[in-house]
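Read through the structure below, which is laid out as structure tokens, and then see the notes.
No lab work stands behind these numbers, since they all come straight from the coordinates. Bear in mind the structure is a predicted one, so any value in this text is a computation, not a measurement. Here the Cβ is made from the backbone with ideal geometry for all residues, glycine too, and neighbour counts use every protein chain on show.
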Amino acid sequence: MRQDLNEVLWEGARELGIELSEEKVKALEFFLEELMRWNRKMNLTSIRRPFEIVVKHFLDSLAVSPYLSQGCSLLDIGSGAGFPCIVLKISDPSLKVTSIDSSQKKLSFQRHLIRQLKLEGIDTIHAHLPDPGIADKFNKSFDYALSRAFGSLETILGIARPFIKDTGIIIAMKGKIGGRRGTFKDNNIARLNMRLQRVISFTLPFIDASRTLLFFAPKEFCSIKP
């Protein structure tokens, strides 16, 4: 990664409340180089310019990191080329990460990164969700389930709900969201016995793009890391 991109990553992460060590930046540098190399042969991401990858993929993925408890179990639904799961694992090695995606080629890329970076405590699963077998196997297994650009809010909640513990949190990573909190309290969400607990709006550094993190918890349990 060129020095200017290193600075973009460091400064952008700091603006999001995250301090990256030199070792972590080097790991993300390897991630970027391999993503670009693999992307010449197969379509892993439509974003191809290095600066945009750093901002729109790396920094966007890192934005959720301050809201995760250290050492927690995390499920990434529709993880694609490793966003946000591998970025989050690099940022906080204590996370216990499970990555699910329907694309074998994208999971092959993730496994390549995991091997090369010697990441421990991260598993990949090939599955088309919803999959009753996978849901039963991992029923109530995770502290957090998150999804980035996977589908509609109702789809994300419906798929993720069986995976989280009774005290778990579902995090939907979205773009700009209009309206008030009540906008999300519709019948579909109520049927899942979920409640919108918190909304975090922020702007991606350097490009002035609006992003939103939506936190949902089972109605009986509504504690979340501040």
Calculated from backbone phi, Karplus (6.51, -1.76, 1.60) coupling profile of the stretch 129-134 in Hz, x at Gly/Pro: 8, x, 10, x, x, 5
Nonlocal amide H pairs with Leu20, under 5 Å, H built at 1.01 Å: none
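What is the calculated FRET efficiency for Ile125 to Ser201, with r their C-beta to C-beta distance and R₀ = 30 Å, to the nearest 0.05? Mind showing how you got there, number by number?
Working: r = 31 Å, r/R0 = 1.04.
After rounding to 0.05, the efficiency reads 0.45.
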Charge dipole (the stretch 64-218, unit charges on Cβ, about Cα centre) - positive-most of Cys72, Ile171, Ser141: Ile171
Residue list for the stretch 186-219, given a label point 7 angstrom along the Cα-to-Cβ vector of Phe51 and an amide N cut-off under 15 Å: 205-209
Trypsin sites (Lys or Arg not before Pro) lying in DSSP loop within the stretch 1-43, provided at most 11 other Cβ fall within 10 Å: Arg2, Arg40, Lys41
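For the peptides 194-202, 107-115, what is the packing order when you average, over each peptide's residues, the other Cβ atoms within 10 Å and list the highest mean first?
Values: 194-202: 16.2, 107-115: 17.9.
Per-residue mean Cβ counts within 10 Å order the peptides as 107-115, 194-202.
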Förster-model FRET efficiency, 30 Å R0, Asp136 and Glu11, C-beta, rounded to 0.05: 0.10
Label-zone membership for the stretch 89-127, site Ser21, 7 angstrom Cα→C-beta point, backbone N under 19 Å: 89-97, 114-122
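For Asp4 and Phe30, compute 0.36 nm times the residue count separating them, minus their Cα-Cα distance, and round to one decimal in nm.
On the way: separation 26, 0.36 × 26 = 9.36 nm, distance 1.54 nm.
Gain on stretching Asp4 to Phe30: 7.8 nm.
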